[in-house]
Amino acid sequence: MIVFDLRCTGGHVFEAWFGSSGAYETQRADGLIECPLCGDHQIEKAVMAPNVAPKGNRSDSSVPARSTPPSPEAVKAALAALAQAQGKALENSQWVGITFAEKARAMHLGDAPEQAIHGQATLADAKALIDDGIPIAPLPFPVVPPETRN
């Protein structure tokens, strides 16, 4: 496995793991790599600081050692814990569906009482909310709308 710092045309820098340099090139050429912040597919490698080992037998504990990627079981456990935390956080939040952007803006402007809400927004609506200084954040996992639950 190899890790690269990547950058989109919007200037966002993010880290991604690949099986090899060739795998990165293939995925990039096929448009399979996407910026997690803005969805941009025009991605290139960002400048990375080299991982240089200390000289000789000296040890530098201030430089973190590269570790191996986590095991699939560890990733699964971490994702399960994150999903559980999201579920707990949403217990006191109201699902507002596709009216999320409208309701978030109304609360920000003082036209509606503030409350915890979650719902759906288009990328354009989310960007507009952020540009207007309205604090929002994406949820790590999709939410099943209450009316479609069994």
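The values are calculated or read from the model by the stated rules, or taken from the named source; none is laboratory data. Quick caveat, the model's predicted, so the values are computed rather than measured. Reconstructed Cβ throughout: ideal geometry from the backbone, glycine too, with neighbour counts over all protein chains shown. When the accessible area is computed, the model is the full protein with side chains, heavy atoms only, and any ligands, DNA or RNA have been set aside. Shrake-Rupley method; radii C 1.70, N 1.55, O 1.52, S 1.80 Å.
Remarks
- Any chance A101 is closer than 20 Å to G39 by Cα, outside any loop (DSSP other than H, G, I, E, B) and at pLDDT 95 or above: yes
- Filter result (aliphatic (A, V, I, L, M) and at pLDDT 90 or above) within region 17-54: A29, L32, I33, I43
- Matching residues, region 91-110, being out of contact with any strand residue (DSSP E or B) (no Cβ under 9 Å at 6 or more places or on another chain), of a type outside the set (D, E) and open to solvent by 30 Å² or more (accessible area, probe 1.4 Å): N92, R105, H108, L109, G110
- Among the residues of region 1-39, the one identified as surrounded by 11 or more Cβ atoms within 10 Å (Cβ to Cβ), part of a loop (DSSP other than H, G, I, E, B) and charged (D, E, K, R) is E34.
- Answer residue from region 113-123, given it is more than 17 Å from the chain's Cα centre (by Cα) and either without any contact (Cβ under 8 Å) to a residue 12 or more places away in the chain or closer than 15 Å to L37 by Cβ (or both) and is surrounded by the fewest Cβ atoms within 10 Å (Cβ to Cβ) among those: P113
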